[in-house]
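Enquirer: Here's a structure for you.
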Amino acid sequence: MYKFSHILAAAGIITAFAAGGSAYAYSGQRYAHDAKITMAQARHIALKAQNGKIVTGELEHEAGGSGLRYSFDIRLGKVTHEVGVDARTGKVLENSIEGANAD
């Protein structure tokens, strides 16, 4: 079960929670009512696509797929991958290595 605590951030509301002893935060929770899959399901899909540790996650409107996606930064060693999961279909939309000027 997830333990939820809410933090107000300058860019909006960020929700931080711990799962299995590792804490992470995600923004974009205001879009959650439009998603067909949960953050937990999206995390599972992303980790099947890319091994490593999720260091950030967010739910955002972005071109491609249904237009609503979970975006995760997954670190494996010194390399960080960005994995995008469609929030309505669960399809992996992106799995790429982040460059030096990642957003």
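Enquirer: Keeping to the range 55-94, report how many residues are part of a strand (DSSP E or B) and either within 23 Å of Asp34 (Cα to Cα) or among the hydroxyl-bearing types (Ser, Thr, Tyr) (or both).
Expert: 21
Enquirer: Follow-up. Identify, please: which residue in the range 65-79 is in contact (Cβ under 8 Å) with a residue 24 or more places away in the chain and crowded, with 19+ Cβ neighbours inside 10 Å and is, among those, nearest to Gly52 (Cα to Cα)?
Expert: Ile74
Enquirer: With the requirement that a residue be of a type in the set (D, E, K, R), surrounded by fewer than 16 Cβ atoms within 10 Å (Cβ to Cβ) and within 21 Å of Ile97 (Cβ to Cβ), what does the range 31-61 give you?
Expert: Start the filter on the range 31-61 by keeping residues that are of a type in the set (D, E, K, R), which leaves 34, 36, 43, 48, 53, 58, 60.
Those still in the list that are surrounded by fewer than 16 Cβ atoms within 10 Å (Cβ to Cβ) too: 34, 36, 48, 53, 60.
Within the range 31-61, Lys48, Lys53, Glu60 meet the criteria.
Enquirer: For the range 81-94, check the following and say yes or no: at least one residue is more than 13 Å from the chain's Cα centre (by Cα) and hydrophobic (A, V, I, L, M, F, W, C).
Expert: No; the residues of the range 81-94 include none that is more than 13 Å from the chain's Cα centre (by Cα) and hydrophobic (A, V, I, L, M, F, W, C).
No lab work stands behind these numbers, since they all come straight from the coordinates. Just so it is clear, the structure is predicted and the values come from calculations on it, not from any experiment. Counting neighbours? That spans all protein chains shown, and the Cβs are built from the backbone with ideal geometry, glycine included.
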